[in-house]
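Novice: Please see the structure below; I have some questions.
The values are calculated or read from the model by the stated rules, or taken from the named source; none is laboratory data. Keep in mind it's a predicted model, so treat the numbers as computed, not measured. Methodologically, a virtual Cβ is constructed for each residue, glycine included, from the backbone with ideal geometry; neighbour enumeration extends over all protein chains shown.
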Amino acid sequence: MAIIQVSAPGGDYPIHIEAGLLQRVNEHIPAGRCVVVTNTTLAPLYGKALTEQLPDASLLIIPDGEQFKTLETVANLYVEFVRAGLDRSGTVIALGGGVVGDTVGFAAATYMRGVRFVQIPTTLLAMVDSSVGGKVGVDLPEGKNLVGAFKQPDKVLIDPDVLATLPARERRCGLAETLKHGLIADPGLLELAEQPDAAPGELVQRAVQVKVNIVQQDPYEKDIRAHLNLGHTFAHAIEQVSGYTWPHGEAVAVGLVAATRLSARLSLCDEELAKSVEQLLARVGLPTRIGALDPDALYAAMSTDKKWQSGQSRFILLHSIGQPVIVTGVEKSVVIDVMRGLQ
Ligand SMILES: NC(=O)c1ccc[n+]([C@@H]2O[C@H](COP(=O)([O-])OP(=O)(O)OC[C@H]3O[C@@H](n4cnc5c(N)ncnc54)[C@H](O)[C@@H]3O)[C@@H](O)[C@H]2O)c1
Ligand SMILES: [Zn+2]
(Lines give C-alpha, C1' and ligand atoms only; values in the text may rest on other atoms or scores of the structure.)
(Ligands and ions follow the chains in the order given, each with its own letter.)
Protein backbone atom coordinates (compact mmCIF):
# COMPACT_ATOMS: atom_id res chain seq x y z
CA MET A 1 0.00 0.00 0.00
CA ALA A 2 1.35 3.38 -0.97
CA ILE A 3 0.03 6.87 -0.43
CA ILE A 4 1.48 9.67 -2.52
CA GLN A 5 0.56 13.10 -1.20
CA VAL A 6 0.22 15.73 -3.92
CA SER A 7 0.36 19.45 -3.24
CA ALA A 8 -1.89 21.31 -5.64
CA PRO A 9 -3.20 24.89 -5.95
CA GLY A 10 -6.61 24.06 -4.48
CA GLY A 11 -5.15 22.06 -1.58
CA ASP A 12 -3.34 18.78 -1.10
CA TYR A 13 -4.78 15.43 -2.08
CA PRO A 14 -3.69 11.82 -1.65
CA ILE A 15 -3.22 9.14 -4.28
CA HIS A 16 -3.79 5.71 -2.74
CA ILE A 17 -2.29 2.77 -4.62
CA GLU A 18 -3.25 -0.61 -3.25
CA ALA A 19 -4.21 -3.99 -4.69
CA GLY A 20 -7.80 -4.82 -3.72
CA LEU A 21 -8.62 -1.20 -2.89
CA LEU A 22 -11.80 -1.30 -4.96
CA GLN A 23 -13.34 -3.66 -2.43
CA ARG A 24 -12.72 -1.17 0.38
CA VAL A 25 -13.66 2.09 -1.29
CA ASN A 26 -16.25 2.86 1.40
CA GLU A 27 -13.38 3.57 3.82
CA HIS A 28 -12.20 6.37 1.55
CA ILE A 29 -15.36 8.20 0.52
CA PRO A 30 -16.72 10.99 2.74
CA ALA A 31 -20.20 10.46 4.15
CA GLY A 32 -23.04 12.05 2.22
CA ARG A 33 -24.72 11.89 -1.13
CA CYS A 34 -22.55 10.67 -3.95
CA VAL A 35 -22.81 9.58 -7.55
CA VAL A 36 -20.58 7.02 -9.18
CA VAL A 37 -20.19 7.63 -12.91
CA THR A 38 -18.79 4.90 -15.12
CA ASN A 39 -19.36 3.51 -18.62
CA THR A 40 -21.29 0.58 -20.07
CA THR A 41 -18.20 -1.69 -20.09
CA LEU A 42 -17.13 -1.01 -16.52
CA ALA A 43 -20.54 -0.89 -14.85
CA PRO A 44 -20.99 -4.68 -14.78
CA LEU A 45 -17.30 -5.32 -14.07
CA TYR A 46 -16.82 -2.92 -11.15
CA GLY A 47 -19.43 -0.15 -11.04
CA LYS A 48 -22.31 -2.04 -9.48
CA ALA A 49 -20.20 -3.67 -6.74
CA LEU A 50 -18.57 -0.34 -5.94
CA THR A 51 -21.86 1.54 -5.66
CA GLU A 52 -23.34 -1.14 -3.40
CA GLN A 53 -20.58 -0.49 -0.88
CA LEU A 54 -21.55 3.13 -0.49
CA PRO A 55 -24.57 3.84 1.72
CA ASP A 56 -25.93 6.85 -0.19
CA ALA A 57 -24.74 6.45 -3.77
CA SER A 58 -26.34 6.28 -7.22
CA LEU A 59 -24.73 4.71 -10.27
CA LEU A 60 -24.79 6.66 -13.53
CA ILE A 61 -23.66 5.00 -16.75
CA ILE A 62 -22.40 6.81 -19.85
CA PRO A 63 -21.66 5.19 -23.21
CA ASP A 64 -18.11 3.85 -23.78
CA GLY A 65 -15.80 5.65 -26.20
CA GLU A 66 -13.88 8.83 -26.97
CA GLN A 67 -16.77 9.89 -29.24
CA PHE A 68 -18.84 10.40 -26.09
CA LYS A 69 -16.30 12.71 -24.44
CA THR A 70 -18.58 15.62 -25.32
CA LEU A 71 -20.55 18.53 -23.93
CA GLU A 72 -23.70 16.53 -24.65
CA THR A 73 -22.60 13.80 -22.24
CA VAL A 74 -21.74 16.48 -19.67
CA ALA A 75 -25.17 18.11 -20.11
CA ASN A 76 -26.85 14.74 -19.54
CA LEU A 77 -24.76 14.24 -16.41
CA TYR A 78 -25.86 17.61 -14.96
CA VAL A 79 -29.49 16.53 -15.30
CA GLU A 80 -28.75 13.16 -13.72
CA PHE A 81 -26.88 14.86 -10.86
CA VAL A 82 -29.95 16.99 -10.09
CA ARG A 83 -32.22 13.95 -10.27
CA ALA A 84 -29.87 12.05 -7.94
CA GLY A 85 -30.21 14.86 -5.39
CA LEU A 86 -26.55 15.84 -5.58
CA ASP A 87 -25.90 19.21 -3.93
CA ARG A 88 -22.73 21.16 -3.17
CA SER A 89 -21.88 18.89 -0.26
CA GLY A 90 -21.98 15.81 -2.52
CA THR A 91 -19.22 13.80 -4.15
CA VAL A 92 -18.78 12.74 -7.77
CA ILE A 93 -16.76 9.58 -8.33
CA ALA A 94 -15.34 8.84 -11.79
CA LEU A 95 -14.69 5.13 -12.32
CA GLY A 96 -12.99 4.41 -15.64
CA GLY A 97 -10.25 5.27 -18.07
CA GLY A 98 -9.19 8.71 -19.23
CA VAL A 99 -12.41 9.30 -21.15
CA VAL A 100 -14.60 8.83 -18.07
CA GLY A 101 -12.15 10.77 -15.87
CA ASP A 102 -11.91 13.76 -18.21
CA THR A 103 -15.65 13.96 -18.93
CA VAL A 104 -16.89 13.38 -15.40
CA GLY A 105 -14.18 15.61 -13.98
CA PHE A 106 -15.37 18.46 -16.19
CA ALA A 107 -18.96 17.89 -15.03
CA ALA A 108 -17.78 17.87 -11.38
CA ALA A 109 -15.75 21.06 -11.93
CA THR A 110 -18.74 22.98 -13.26
CA TYR A 111 -21.85 21.49 -11.61
CA MET A 112 -22.90 24.01 -8.93
CA ARG A 113 -19.49 25.69 -9.53
CA GLY A 114 -17.70 22.59 -8.44
CA VAL A 115 -18.33 19.60 -6.19
CA ARG A 116 -16.01 17.09 -4.55
CA PHE A 117 -14.41 14.79 -7.10
CA VAL A 118 -12.79 11.38 -6.63
CA GLN A 119 -10.94 9.63 -9.46
CA ILE A 120 -10.83 5.83 -9.62
CA PRO A 121 -8.79 5.21 -12.78
CA THR A 122 -9.12 1.77 -14.34
CA THR A 123 -6.72 1.88 -17.31
CA LEU A 124 -2.94 1.99 -17.00
CA LEU A 125 -2.99 5.29 -18.91
CA ALA A 126 -5.51 6.84 -16.53
CA MET A 127 -3.61 5.59 -13.48
CA VAL A 128 -0.23 6.98 -14.49
CA ASP A 129 -1.32 9.98 -16.51
CA SER A 130 -4.83 11.40 -16.83
CA SER A 131 -6.11 10.98 -13.26
CA VAL A 132 -3.21 12.97 -11.83
CA GLY A 133 -2.62 16.67 -12.42
CA GLY A 134 -6.09 18.15 -12.54
CA LYS A 135 -6.72 18.54 -16.26
CA VAL A 136 -10.31 17.68 -17.18
CA GLY A 137 -12.32 18.41 -20.29
CA VAL A 138 -14.13 17.28 -23.40
CA ASP A 139 -13.68 17.23 -27.16
CA LEU A 140 -15.40 19.41 -29.77
CA PRO A 141 -16.07 18.29 -33.36
CA GLU A 142 -13.27 20.77 -34.22
CA GLY A 143 -10.66 19.03 -32.10
CA LYS A 144 -9.74 17.05 -29.02
CA ASN A 145 -9.71 18.52 -25.50
CA LEU A 146 -10.74 21.97 -26.71
CA VAL A 147 -12.97 22.66 -23.68
CA GLY A 148 -11.75 22.05 -20.17
CA ALA A 149 -10.73 23.16 -16.73
CA PHE A 150 -8.24 22.50 -13.99
CA LYS A 151 -10.08 20.50 -11.34
CA GLN A 152 -7.91 18.89 -8.72
CA PRO A 153 -9.39 15.67 -7.39
CA ASP A 154 -10.02 15.30 -3.65
CA LYS A 155 -8.59 11.84 -3.89
CA VAL A 156 -7.30 9.34 -6.44
CA LEU A 157 -7.88 5.67 -5.64
CA ILE A 158 -5.85 3.21 -7.70
CA ASP A 159 -6.44 -0.54 -7.51
CA PRO A 160 -3.88 -2.18 -9.83
CA ASP A 161 -5.93 -5.43 -9.68
CA VAL A 162 -8.43 -3.96 -12.16
CA LEU A 163 -5.75 -4.06 -14.84
CA ALA A 164 -6.39 -7.82 -15.02
CA THR A 165 -9.45 -7.18 -17.20
CA LEU A 166 -7.91 -4.43 -19.33
CA PRO A 167 -7.50 -5.53 -22.97
CA ALA A 168 -3.82 -6.13 -23.86
CA ARG A 169 -3.77 -3.40 -26.48
CA GLU A 170 -5.03 -0.81 -23.96
CA ARG A 171 -2.41 -1.99 -21.51
CA ARG A 172 0.33 -1.47 -24.08
CA CYS A 173 -0.97 2.05 -24.73
CA GLY A 174 -0.61 2.80 -21.03
CA LEU A 175 2.84 1.26 -21.14
CA ALA A 176 3.86 3.81 -23.80
CA GLU A 177 3.03 6.67 -21.40
CA THR A 178 4.74 4.80 -18.56
CA LEU A 179 7.90 4.45 -20.66
CA LYS A 180 7.62 8.14 -21.49
CA HIS A 181 7.69 8.88 -17.76
CA GLY A 182 10.71 6.61 -17.44
CA LEU A 183 12.53 8.49 -20.20
CA ILE A 184 11.72 11.84 -18.63
CA ALA A 185 12.76 11.03 -15.10
CA ASP A 186 13.12 7.40 -13.94
CA PRO A 187 15.31 4.95 -15.90
CA GLY A 188 14.30 2.12 -13.52
CA LEU A 189 10.79 2.28 -14.97
CA LEU A 190 12.16 1.16 -18.32
CA GLU A 191 13.37 -2.10 -16.79
CA LEU A 192 10.22 -2.66 -14.75
CA ALA A 193 8.06 -2.22 -17.84
CA GLU A 194 9.70 -5.26 -19.40
CA GLN A 195 8.78 -7.62 -16.60
CA PRO A 196 5.31 -8.76 -17.66
CA ASP A 197 4.89 -11.05 -14.66
CA ALA A 198 5.77 -8.43 -12.06
CA ALA A 199 2.85 -7.10 -10.03
CA PRO A 200 1.81 -3.82 -11.70
CA GLY A 201 1.63 -1.91 -8.42
CA GLU A 202 5.26 -0.83 -8.37
CA LEU A 203 5.25 0.17 -12.03
CA VAL A 204 2.15 2.27 -11.45
CA GLN A 205 3.53 3.84 -8.30
CA ARG A 206 6.80 4.90 -9.88
CA ALA A 207 5.14 6.21 -13.02
CA VAL A 208 2.64 8.20 -10.94
CA GLN A 209 5.49 9.63 -8.90
CA VAL A 210 7.13 11.05 -12.04
CA LYS A 211 3.93 12.84 -13.03
CA VAL A 212 3.34 14.08 -9.47
CA ASN A 213 6.84 15.54 -9.21
CA ILE A 214 6.33 17.47 -12.42
CA VAL A 215 2.78 18.76 -11.89
CA GLN A 216 3.61 19.88 -8.36
CA GLN A 217 6.34 22.11 -9.72
CA ASP A 218 4.23 23.45 -12.57
CA PRO A 219 0.50 22.91 -11.97
CA TYR A 220 -0.69 25.19 -14.81
CA GLU A 221 1.76 24.06 -17.49
CA LYS A 222 3.81 27.25 -17.64
CA ASP A 223 7.16 25.53 -18.17
CA ILE A 224 8.44 22.08 -17.16
CA ARG A 225 5.05 20.37 -17.31
CA ALA A 226 5.68 20.52 -21.04
CA HIS A 227 8.25 17.75 -20.54
CA LEU A 228 5.31 15.36 -20.20
CA ASN A 229 4.72 16.02 -23.89
CA LEU A 230 7.81 14.05 -24.90
CA GLY A 231 6.91 12.32 -28.18
CA HIS A 232 3.51 14.02 -28.25
CA THR A 233 4.11 16.54 -31.03
CA PHE A 234 4.67 13.59 -33.34
CA ALA A 235 1.90 11.55 -31.68
CA HIS A 236 -0.78 14.21 -32.11
CA ALA A 237 0.15 14.58 -35.77
CA ILE A 238 -0.07 10.79 -36.28
CA GLU A 239 -3.49 10.69 -34.61
CA GLN A 240 -4.75 13.61 -36.68
CA VAL A 241 -3.40 12.50 -40.06
CA SER A 242 -4.66 8.94 -39.50
CA GLY A 243 -8.15 10.31 -38.76
CA TYR A 244 -7.82 9.09 -35.16
CA THR A 245 -7.61 5.45 -36.24
CA TRP A 246 -4.31 5.18 -34.32
CA PRO A 247 -4.77 4.77 -30.57
CA HIS A 248 -3.06 7.56 -28.64
CA GLY A 249 -0.59 5.27 -26.81
CA GLU A 250 0.58 3.66 -30.05
CA ALA A 251 1.09 7.10 -31.58
CA VAL A 252 3.06 8.08 -28.48
CA ALA A 253 5.30 5.03 -28.92
CA VAL A 254 6.25 6.09 -32.46
CA GLY A 255 6.53 9.66 -31.18
CA LEU A 256 9.11 8.54 -28.61
CA VAL A 257 11.17 6.91 -31.35
CA ALA A 258 10.91 10.05 -33.48
CA ALA A 259 11.81 12.35 -30.55
CA THR A 260 14.88 10.34 -29.60
CA ARG A 261 16.00 10.03 -33.23
CA LEU A 262 15.60 13.78 -33.65
CA SER A 263 17.56 14.28 -30.41
CA ALA A 264 20.40 12.16 -31.79
CA ARG A 265 20.23 13.90 -35.15
CA LEU A 266 20.70 17.26 -33.38
CA SER A 267 23.59 15.76 -31.35
CA LEU A 268 21.71 16.24 -28.08
CA CYS A 269 22.09 12.54 -27.28
CA ASP A 270 23.92 9.66 -28.92
CA GLU A 271 22.45 7.23 -31.45
CA GLU A 272 22.52 4.42 -28.91
CA LEU A 273 19.76 6.03 -26.85
CA ALA A 274 17.49 6.26 -29.87
CA LYS A 275 18.22 2.64 -30.78
CA SER A 276 17.60 1.32 -27.30
CA VAL A 277 14.29 3.19 -26.99
CA GLU A 278 13.14 1.76 -30.29
CA GLN A 279 14.14 -1.78 -29.32
CA LEU A 280 12.45 -1.51 -25.95
CA LEU A 281 9.16 -0.32 -27.48
CA ALA A 282 9.31 -3.14 -30.04
CA ARG A 283 9.96 -5.73 -27.31
CA VAL A 284 6.83 -4.71 -25.40
CA GLY A 285 4.78 -4.92 -28.60
CA LEU A 286 4.39 -1.23 -29.42
CA PRO A 287 4.73 0.17 -32.95
CA THR A 288 7.89 2.09 -33.92
CA ARG A 289 7.09 3.11 -37.51
CA ILE A 290 4.70 5.58 -39.13
CA GLY A 291 3.89 3.09 -41.90
CA ALA A 292 1.97 4.62 -44.78
CA LEU A 293 1.51 8.04 -43.16
CA ASP A 294 3.02 10.84 -45.23
CA PRO A 295 5.83 12.80 -43.50
CA ASP A 296 4.81 16.06 -45.22
CA ALA A 297 1.22 15.66 -44.04
CA LEU A 298 2.49 14.90 -40.54
CA TYR A 299 4.64 18.03 -40.54
CA ALA A 300 1.69 20.12 -41.75
CA ALA A 301 -0.39 18.74 -38.85
CA MET A 302 2.36 19.52 -36.35
CA SER A 303 2.69 23.08 -37.49
CA THR A 304 -0.88 23.84 -36.40
CA ASP A 305 0.27 23.20 -32.79
CA LYS A 306 -0.64 26.17 -30.57
CA LYS A 307 2.82 26.10 -29.05
CA TRP A 308 4.60 26.56 -32.38
CA GLN A 309 4.63 30.34 -32.11
CA SER A 310 4.86 32.13 -35.45
CA GLY A 311 5.59 28.91 -37.26
CA GLN A 312 8.71 28.12 -35.21
CA SER A 313 8.84 24.42 -34.44
CA ARG A 314 9.00 23.27 -30.81
CA PHE A 315 9.86 19.80 -29.52
CA ILE A 316 10.53 18.13 -26.21
CA LEU A 317 13.77 16.21 -26.76
CA LEU A 318 16.26 14.30 -24.62
CA HIS A 319 19.87 14.90 -23.67
CA SER A 320 19.81 11.55 -21.92
CA ILE A 321 17.36 9.50 -19.90
CA GLY A 322 16.11 11.82 -17.17
CA GLN A 323 17.23 14.98 -18.98
CA PRO A 324 14.47 16.38 -21.18
CA VAL A 325 14.92 19.69 -22.96
CA ILE A 326 12.63 22.04 -24.90
CA VAL A 327 14.07 22.81 -28.35
CA THR A 328 12.63 25.42 -30.71
CA GLY A 329 13.34 26.29 -34.31
CA VAL A 330 14.33 22.84 -35.60
CA GLU A 331 14.48 22.97 -39.39
CA LYS A 332 11.58 21.46 -41.26
CA SER A 333 13.84 19.39 -43.51
CA VAL A 334 15.45 17.72 -40.48
CA VAL A 335 12.08 16.81 -38.97
CA ILE A 336 10.81 15.44 -42.28
CA ASP A 337 14.01 13.46 -42.70
CA VAL A 338 13.58 11.83 -39.27
CA MET A 339 10.03 10.86 -40.20
CA ARG A 340 11.13 9.44 -43.56
CA GLY A 341 13.48 7.22 -41.60
CA LEU A 342 10.44 5.82 -39.79
CA GLN A 343 8.43 4.81 -42.85
N1 LIG B 1 -6.50 14.75 -18.32
C2 LIG B 1 -5.29 14.43 -18.70
O3 LIG B 1 -4.28 14.95 -18.19
C4 LIG B 1 -5.12 13.39 -19.76
C5 LIG B 1 -3.86 12.83 -20.00
C6 LIG B 1 -3.76 11.82 -20.96
C7 LIG B 1 -4.88 11.39 -21.65
N8 LIG B 1 -6.09 11.97 -21.39
C9 LIG B 1 -7.32 11.51 -22.08
O10 LIG B 1 -7.55 10.15 -21.74
C11 LIG B 1 -8.35 9.53 -22.75
C12 LIG B 1 -7.81 8.15 -23.03
O13 LIG B 1 -7.92 7.39 -21.86
P14 LIG B 1 -7.73 5.80 -21.85
O15 LIG B 1 -6.54 5.45 -22.63
O16 LIG B 1 -7.83 5.40 -20.44
O17 LIG B 1 -8.96 5.28 -22.72
P18 LIG B 1 -10.49 4.94 -22.37
O19 LIG B 1 -10.95 5.71 -21.21
O20 LIG B 1 -11.24 5.08 -23.63
O21 LIG B 1 -10.42 3.40 -21.96
C22 LIG B 1 -10.04 2.45 -22.92
C23 LIG B 1 -11.02 1.28 -23.01
O24 LIG B 1 -10.77 0.38 -21.93
C25 LIG B 1 -11.97 0.09 -21.23
N26 LIG B 1 -11.57 -0.17 -19.84
C27 LIG B 1 -11.13 0.74 -18.96
N28 LIG B 1 -10.70 0.14 -17.84
C29 LIG B 1 -10.91 -1.18 -18.01
C30 LIG B 1 -10.68 -2.32 -17.20
N31 LIG B 1 -10.08 -2.22 -16.00
N32 LIG B 1 -11.05 -3.52 -17.67
C33 LIG B 1 -11.62 -3.62 -18.91
N34 LIG B 1 -11.83 -2.61 -19.73
C35 LIG B 1 -11.48 -1.39 -19.29
C36 LIG B 1 -12.81 1.32 -21.45
O37 LIG B 1 -14.18 1.04 -21.25
C38 LIG B 1 -12.48 1.67 -22.89
O39 LIG B 1 -13.23 0.88 -23.77
C40 LIG B 1 -8.29 10.48 -23.94
O41 LIG B 1 -9.54 11.11 -24.06
C42 LIG B 1 -7.22 11.49 -23.58
O43 LIG B 1 -7.46 12.76 -24.13
C44 LIG B 1 -6.23 12.94 -20.46
ZN1 LIG C 1 -0.29 11.02 -23.88
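Novice: So for the stretch 256-269 (the condition being over 25 Å from A207 (Cα atoms), among the charged types (D, E, K, R) and in the same structural domain as A193 (by TED's automatic domain parsing)), does at least one residue qualify?
Specialist: yes
Novice: With R225, R171 as the choices, which residue is at pLDDT 95 or above and among the basic types (K, R)? Can you show your working first?
Specialist: Details: R225 fails: at pLDDT 95 or above.
Testing whether each residue is at pLDDT 95 or above and among the basic types (K, R) leaves just R171.
Novice: Pairs only if they're at least six apart or on different chains, beta carbon under 6 angstrom, first in the stretch 56-77 and closer than 27 Å to H28 by Cα, second small (G, A, S) and outside any strand (DSSP E or B); list them, first residue then second.
Specialist: Between residues of the stretch 56-77 that are closer than 27 Å to H28 by Cα and residues that are small (G, A, S) and outside any strand (DSSP E or B), the close pairs are S58/A84; L59/G47; I61/A43; V74/A107; L77/A107.
Novice: I've got another one for you. Mind checking which residues of the stretch 229-273 are touching a residue at least 12 places away in the same chain (Cβ under 8 Å), small (G, A, S) and part of a helix (DSSP H, G or I)?
Specialist: Once the filter is applied, which keeps residues that are touching a residue at least 12 places away in the same chain (Cβ under 8 Å), small (G, A, S) and part of a helix (DSSP H, G or I), the stretch 229-273 yields A235, A237, G249, A251, A253, G255, A258, A259, S263.
Novice: Here is a further query. Which of the residues spanning the stretch 51-72 are away from ligand 1 (no atom under 12 Å from the Cβ), outside any strand (DSSP E or B) and crowded, with 18+ Cβ neighbours inside 10 Å?
Specialist: T51, L54
Novice: Can you pull out every residue in the stretch 1-50 that is surrounded by fewer than 19 Cβ atoms within 10 Å (Cβ to Cβ), within 20 Å of L163 (Cα to Cα) and in contact with a Gly (Cβ under 7 Å, 6 or more places away or on another chain)?
Specialist: A19
Novice: Kindly indicate whether any position in the stretch 219-227 is within 13 Å of ligand 2 (Cβ to nearest atom), touching a residue at least 60 places away in the same chain (Cβ under 8 Å) and buried (at least 23 other Cβ atoms within 10 Å of the Cβ).
Specialist: Looking for residues that are within 13 Å of ligand 2 (Cβ to nearest atom), touching a residue at least 60 places away in the same chain (Cβ under 8 Å) and buried (at least 23 other Cβ atoms within 10 Å of the Cβ), one finds none in the stretch 219-227, hence no.
Novice: Return the pairs, sorted by first residue and then second, in which the second residue is within 14 Å of ligand 1 (Cβ to nearest atom) and not in a loop (DSSP other than H, G, I, E, B), the first residue lies in the stretch 105-125 and is at positive phi, the beta carbons are less than 8 Å apart, and the residues are 6+ apart or on different chains.
Specialist: G114/A108
Novice: Output the number of residues of the stretch 175-188 satisfying the condition of being more than 17 Å from the chain's Cα centre (by Cα) and either in a loop (DSSP other than H, G, I, E, B) or within 13 Å of ligand 2 (Cβ to nearest atom) (or both).
Specialist: 1
Novice: Could I ask something else about it? Answer yes or no: is there a residue in the stretch 260-269 that is in contact with a Phe, Trp or Tyr (Cβ under 9 Å, 6 or more places away or on another chain) and crowded, with 23+ Cβ neighbours inside 10 Å.
Specialist: yes
Novice: Shifting gears a bit: What single numbered condition from (1) assigned to a helix (DSSP H, G or I); (2) farther than 22 Å from G143 by Cβ; (3) within 16 Å of ligand 2 (Cβ to nearest atom) fails to hold for S276?
Specialist: Among (1) assigned to a helix (DSSP H, G or I); (2) farther than 22 Å from G143 by Cβ; (3) within 16 Å of ligand 2 (Cβ to nearest atom), the lone unmet condition for S276 is (3).
Novice: Quick check on the stretch 138-174: of everything there that is in contact with a helix residue (DSSP H, G or I) (Cβ under 7 Å, 6 or more places away or on another chain), in a strand (DSSP E or B) and without any contact (Cβ under 8 Å) to a residue 60 or more places away in the chain, which residue is farthest from ligand 2 (Cβ to nearest atom)?
Specialist: Only one residue tops the list, namely A149.
Novice: Restricting to the stretch 290-343, and then to whatever is of a type in the set (A, V, I, L, M) and assigned to a loop (DSSP other than H, G, I, E, B), can you tell me which residue is surrounded by the most Cβ atoms within 10 Å (Cβ to Cβ)?
Specialist: Within the stretch 290-343, the subset of a type in the set (A, V, I, L, M) is 290, 292-293, 297-298, 300-302, 316-318, 321, 325-327, 330, 334-336, 338-339, 342.
Pick out the ones that are also assigned to a loop (DSSP other than H, G, I, E, B) and you get 290, 292-293, 321, 330, 342.
Details: I290: 25, A292: 7, L293: 19, I321: 19, V330: 17, L342: 19.
Looking at residues that are of a type in the set (A, V, I, L, M) and assigned to a loop (DSSP other than H, G, I, E, B), I get I290.
Novice: If you don't mind, there's one more thing I want to ask. Only one of these is within 21 Å of the chain's Cα centre (by Cα), acidic (D, E) and outside the structural domain of V210 (by TED's automatic domain parsing): E27, E66, E72, E52. Name it. Steps first, please.
Specialist: Details: E27 fails: within 21 Å of the chain's Cα centre (by Cα); E72 fails: within 21 Å of the chain's Cα centre (by Cα); E52 fails: within 21 Å of the chain's Cα centre (by Cα).
The match here is E66.
Novice: Please work out which one of (1) under 17 Å from the mean Cα position of the chain (by Cα); (2) away from ligand 2 (no atom under 16 Å from the Cβ) is the condition A251 fails and give its number.
Specialist: For A251, the exception is condition (2).
Novice: Which pairs do you get when a residue that is in contact (Cβ under 8 Å) with a residue 60 or more places away in the chain, found in the stretch 279-300, comes within reach of a residue that is among the charged types (D, E, K, R) and surrounded by 13 or more Cβ atoms within 10 Å (Cβ to Cβ), reach meaning Cβ atoms under 6 angstrom, with the pair 6+ apart or on two chains?
Specialist: Between residues of the stretch 279-300 that are in contact (Cβ under 8 Å) with a residue 60 or more places away in the chain and residues that are among the charged types (D, E, K, R) and surrounded by 13 or more Cβ atoms within 10 Å (Cβ to Cβ), the close pairs are G285/R172; L286/R172.
Novice: Here's something else I'd like to know. Restricting the search to the stretch 73-118, which residues are part of a strand (DSSP E or B) and surrounded by fewer than 21 Cβ atoms within 10 Å (Cβ to Cβ)?
Specialist: Matches in the stretch 73-118: R116 only.
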